[in-house]
Each structure stands twice: as C-alpha cells, then as structure tokens.
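Everything below concerns the one structure shown next.
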Amino acid sequence: MSYESAKAAFAEWGVDTEAALARLRTIPISMHCWQGDDVVGFEQTSGASGGGIQATGNHPGRARTPDELRADLDFAYAMIPGTHRLNLHAMYLDTDATPDRDEIEFAHFAPWVDWAKGRGIGLDFNPTFFAHAKADDNLTLSHPDEGIRDFWIEHGKRSRDIAAQMGAALGSACVNNIWVPDGYKDTPIDRMSARKRLDASLDAMLAPPLDKAQMLDAVESKLFGIGVEACTVGSHEFYMGYAIRKSILLCLDMGHFHPTENIADKLSAVALSLDDILLHVSRPMRWDSDHVILLSDDILQMAQELVSADLLARTRIGLDFFDATISRTAAWVIGTRNMQKALLRALLLPLDQLRAAETALDFTTRLAVTEEFRDMPFGAVWAEFTARAEVPNGQGLLKELDRYQSVVSGRG
C-alpha cells in the first residue's frame, strides 16, 4: 500500500499520519554502546562482571577499540531515522592513561564528546560498578568494608561530574544512571544493614549539587541476577522510595522485573510521584537476559502508555540489550527501529475515541477498535518515515546490514 492510501485510511479514523511522523522525529532514543563490544569496555582493569551481566556468543566483528566502536555506531545511526543519543558506560573511556575507577576524569572521555558534537547527538552516562576486583563480592556501595564503599562513592562522584561536563559541552542534559550489582546468592540474615549502607553511600555520592540543565541523576533497580538470586539490595521498592525522596529519575528496566510484570502498568503509577522517568528497553527471556527487543506486545503496550498518558516529554528512552550470537550492528539497528515502530503505532491510535469509550464504560467499542487497528497499514507509514530520512528499508536494509557485517567480520 502507498503512503497516500495509508494516510487516507488513518484519516477515516480521525488520525493524522503527518502529525505522528512529525512527533516521532523529535523523540530521542538513547542507544547503548555496550551492544557493540559485548560489555567488555576499554579499561586495563579486570574483574568478574557481577549481577548477572553476560554476553554470550562469538559472532565475528566485535569492536575492540573506541575507534572501531564509533565506526560501528556511525553505521548503525545511518540506518536509523529520527533523533539519536548514545548511552556510554564509564568503562568505555578513550585515553592512553590507565586510571582506576576512582580516578576517571572528563578528559578520559573527551574524544566521545568531540565525536558526539560532530554528529549532533546527545550523550548519557553510567558509572560502572561491575567488572572490577572491588566488585567481585557482588557488593559495592553496600559493602561492609568502608574502604570499598569509599572507592565506589568516589567513582560515582566522578561519574556525575563527567556527565555534567558532557551535558554542558553538548547543550543537552546528560542522564547519569546508577545501577549496582549488590546482592546475595543465598538468603541473607540482615537485609536492613545492607540497605542502610546503600542509602548512605548514595547520599554521599549525590551530595554535591549539580545543574539539572546539564546532568540528571537516575537510579535503577533489579529483581535478581546470577550470583544475587536471593536478594538484590537495590530492589524496586528501595529505589522507588529513594527517587521520590530525592526528586531524581527512576529507571525502569524491562528486564529487571518478574516475567509477568508489565512496565506499561508501572509508568502512570510512578509518574504521579516522579517528575521524570528513565526507561531501559530490553527483552528478558525467562530472566534478565537482555535479548534484542522485538516489536512484541510488551513493547507496544509500553509505547502506547507513554503516548496515552502523555509521558513522552517526561521519559528518557534508553535501550539495554546485548547479543554476541548475531551481528552486533544489526542488533542495534533492528532493536532501535523496533522501539521507533512501537512509538509510531502508539501515535497512530485513535486515542480520543478509545478514551471516550472507556470513560463511558463502553468496553466493547474499546476492544473492537483496538483489534481493528491491528490490521491498519502501519508499515506504509513507517516506510514513509524511513524514506523521508533517506535510510533504507526492507530488502535495502538487509543488504546494508550484510554489507557492513562483511566489512567488520575480519576483526580478530
């Protein structure tokens, strides 16, 4: 079907496809750097990953240097229409120096800022509390050893400062997201003490006031991970309370909850108590396995809630998946485009009609309209979106993905 025919079909339901396309172009998606190198980073330090973080597979083409990773990102962004950001972890510094985590400075990330500035994209940041010898106990900010806690508090302070300088340099607030792997493999006796230590460490780390126009703090919970099956110190309840008390962002990671929990249901609930929300869009398969996101019901429902509840302006959308069994650049492209497709479908719903039916308790009409819309020509509108951005679609996209993969497959 042509775009003009699709436009007319949606217009019959009172939906303006041009308005949807214009809105979609303005919604930034923060693509995560760690898909490109299997969460390895560019440090000289080493340690167990912790918290269940693990990329599996050995598909050829992993980025081994910052330059290779940036080249891969450039290709991926060229395949993705719309507005872009990059989510960078502290372990991805680009420098000849060898600072430990409590010694990192903005200068160690300056090449990333120059690269982002040249491409007109924003940066987001994450302190890295895993893959380090001082995290091998699966305890960092909640560790009983004060010296280890102080090490990680300093890392967190430096990360916040780096993020603020990134935001200032790029003229766009950098979200600094805090996730720690802290927890216990077997049932602990004293959860309270660990949570008090985490609470105090976060207070110390976040104490220096920084301009929110440059940097936004966020905290991220997790249900469990390998090695922390029995208890995660930073649970959803812990961080939800902390974010509300401190007026910072709460990160909802789609892989960090029980498989039957729905992020779409949580958004409006937490939005009543929070100014802003951070999303990590992922796909768990039986556990927090971070598979490449599909255009699945979970993603569609989450996007619909963002649009229906008018939360787009208050929500930062970031991605979080890593798969080393497939082309890493293709994973970025497919996953990010799926997030955009889900948002487009939500923007193309006749929400006024659906809300009116629901308010009138006319659940029959609500069901009938939503089911009829499954057959609407969303694909033709998406094809128009990609065409206007001059990025390939369909067979053309597959050819470009294959072409680039053949270029990087020779990496050792």
_Between region 307-342 and region 119-181, what is the separation of their alpha carbon centroids in Å?_
22
*Read through the labelled values (i) 24.8, 84; (ii) 21.5, 66; (iii) 20.0, 63 and report the label of the one computed as Rg and Dmax of the Cα atoms in Å from the structure.*
(ii)
*Looking only at ASP375, ASP199, ASP276, which one moves most when the chain is put into a Gaussian network model with springs between Cα atoms under 10 Å?*
ASP375
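Restricting to DSSP H runs of at least four residues, report the calculated mean residue ellipticity at 222 nm for the chain, -39500 (n - 2.57) per run over all residues, nearest 500 deg cm²/dmol.
On the way: 14 runs with 178 residues, N = 412.
Rounded to the nearest 500, the figure is -13500 deg cm²/dmol.
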*What nm distance separates the two modelled labels at ILE326 and ALA309, each placed 7 Å from Cα along Cα→Cβ?*
2.8
_On a straight-distance basis, which aspartates and glutamates could pair with LYS7 in a cross-link, Cα separation under 20 angstrom, same-chain partners fewer than 8 positions away excluded?_
ASP16, GLU18, ASP352, GLU371, GLU372, ASP375, GLU384, GLU390
*Highest-MSF residue in the chain out of THR336, THR359, THR17 [GNM, Cα springs under 10 Å]*: THR359
*Treating the angle as unsigned and between 0 and 90°, give the value, to the nearest 10°, between the Cα long axis of helix 110-119 and the longest Cα principal axis of the chain.*
10
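What is region 235-325's relative contact order, in percent, from Cα pairs under 8 angstrom and six or more apart in sequence? Kindly include the intermediate steps, with their values, before the conclusion.
Values: 129 pairs, mean separation 28.2, N = 91.
So the answer I get is 31 percent.
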*First check a/c for region 179-223, with a ≥ b ≥ c the square roots of the eigenvalues of its C-alpha gyration tensor; if it is under 1.5, answer rounded, and if not, answer prolate when a/b is larger than b/c or oblate otherwise.*
oblate
*What are the ³J(HN,Hα) values, in whole Hz, obtained from phi via the Karplus relation 6.51 cos²θ - 1.76 cosθ + 1.60 with θ = phi - 60°, for each residue of region 232-249 in sequence order, with x given for Gly and Pro?*
9, 4, x, 6, 4, 5, 4, 6, 5, x, 5, 4, 5, 5, 9, 6, 10, 6
_I want to verify a result. In a Gaussian network model of the chain, Cα cutoff 10 Å, which of these has the top mean-square fluctuation: CYS231, CYS174, CYS251?_
CYS231
*Pop a pseudo-label 7 angstrom from the Cα along the beta-carbon direction at both ARG374 and ALA97 and give the gap in nm to one decimal.*
5.7
*Please work out the FRET efficiency for the pair ASN58 and ALA110, using the Cβ-Cβ distance as r and a Förster radius of 30 Å; give the result to the nearest 0.05.*
0.40
*Using alpha-carbon coordinates, inclination of helix 66-78 to the longest axis of the chain, degrees*: 10
*According to the square roots a ≥ b ≥ c of the eigenvalues of the Cα gyration tensor, what is the shape class of region 182-323, taking rounded for a/c under 1.5, prolate for a/b larger than b/c otherwise, and oblate for the remainder?*
oblate
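Considering only DSSP beta bridges whose two residues both sit in the chain, what percent are antiparallel, to the nearest 5? Walk me through the numbers before you get to the answer.
Values: 3 of 33 bridges.
Antiparallel: roughly 10 percent of the beta bridges in the chain.
Evaluate the charge dipole of the chain about its Cα centre and quote only its size in Debye, nearest 20, assuming +1 on the Cβ of each Lys and Arg and -1 on the Cβ of each Asp and Glu. Walk me through the numbers on the way to the answer.
Details: 40 positive and 59 negative charges, 83 e Å.
About 400 debye.
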*Would you work out which of LEU351, GLY241, GLY394 lies farthest towards the positive end of the dipole of the chain, given +1 charges on the beta-carbon of Lys and Arg and -1 on that of Asp and Glu, about the Cα centre?*
GLY394
*asked:* Taking θ = phi - 60°, what integer Hz values does the Karplus form 6.51 cos²θ - 1.76 cosθ + 1.60 yield along region 373-387, in sequence order, with x for Gly and Pro?
replied: 6, 5, 9, 6, x, 4, x, 5, 6, 4, 4, 5, 4, 5, 5
*Cα-based reach from LYS399 at 21 Å (exclusive), listing lysines while leaving out same-chain residues under 8 positions away*: LYS341
*Under the Karplus relation 6.51 cos²θ - 1.76 cosθ + 1.60, θ = phi - 60°, what is the ordered set of whole-Hz ³J(HN,Hα) values for region 321-334, x standing for Gly and Pro?*
8, 7, 9, 9, 8, 10, 4, 5, 5, 4, 4, 4, 5, 5
*Residues ASP136 and ALA230, FRET efficiency given R0 of 22 Å [Cβ-Cβ distance, rounded to 0.05]*: 0.80
*For the chain, what % of the accessible area comes from carbon and sulfur atoms, probe 1.4 Å?*
50
*How many nm separate the modelled label positions at GLU12 and ASP211, each set 7 Å beyond the Cα in the direction of the Cβ?*
5.3
*Could you state the accessible area per residue of the chain in Å², with a 1.4 Å probe and every protein chain left in place?*
42
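The values are calculated or read from the model by the stated rules, or taken from the named source; none is laboratory data. Because the structure is a prediction, the values reported are computed rather than measured. Cβ: placed from backbone, ideal geometry, glycine included. Neighbour counts: every protein chain shown. Note: accessible area is taken over every heavy atom of the protein model, side chains too, but ligands, DNA and RNA are not part of it. Shrake-Rupley method; radii C 1.70, N 1.55, O 1.52, S 1.80 Å.
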